[in-house]
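Below is one structure, written out as structure tokens, with a few remarks after it.
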Amino acid sequence: SNEFQPSNPTPYDRTSTEYICGAPPAETNTMRCVRSIEGDYIGYRWYRFVDQPGFQRLGLDDSEKAWIQGRIERLHDSMAAASPLNEWLKPPANLPPLVKIDESLIVTPPTGMERGFVP
């Protein structure tokens with residue numbers, strides 16, 4: 001059986017600069033916000049790929065982080081060369097529509113965070 005960690009009873013404070021989920025602070029403490037097609041507001045921050053909160057439980061050492069970060073930066077470089085849409089992102093031919101993407105959720109990185117960063 002799975003054991004789940006108890007939740008943190010402290011409410012989330014978007015103005016806090018404390019680590020979220022054990023992650024290092026975001027590259028900037030700027031909370032950005034977009035509004036979805038449905039009218040929901042979604043807040044996010046930009047992180048270096050290996051510093052995003054979801055990676056922190058993996059316990060990666062510095063060399064593992066450097067290897068992964070390097071791979072992501074090379075991926076971003078190759079994708080930027082064929083921007084805005086490249087072969088890696090194109091769906092297969094004759095594929096029926098499976099999902100509808102909310103275009104408001106496709107965000108543009110701030111200057112200096114185009115390579116190796118994720119929202």
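The values are calculated or read from the model by the stated rules, or taken from the named source; none is laboratory data. Here the structure is a predicted model, which is why all the values come from computation and not from measurement. Here Cβ is always computed from backbone atoms with ideal geometry, including for glycine, and neighbour counts include all displayed protein chains. Please note that ligands, DNA and RNA were not included when accessible areas were found on the heavy atoms of the full protein model with its side chains. Shrake-Rupley method; radii C 1.70, N 1.55, O 1.52, S 1.80 Å.
Name the pairs: first residue in region 103-116 and in contact (Cβ under 8 Å) with a residue 12 or more places away in the chain, second residue of a type in the set (Lys, Arg) and open to solvent by 40 Å² or more (accessible area, probe 1.4 Å), Cβ to Cβ under 9 Å, at least 6 apart or on different chains?
104/35; 107/32; 109/115; 110/32; 113/48; 116/48
Can you name every residue in region 45-82 that is hydroxyl-bearing (Ser, Thr, Tyr) and open to solvent by 40 Å² or more (accessible area, probe 1.4 Å)?
63, 78
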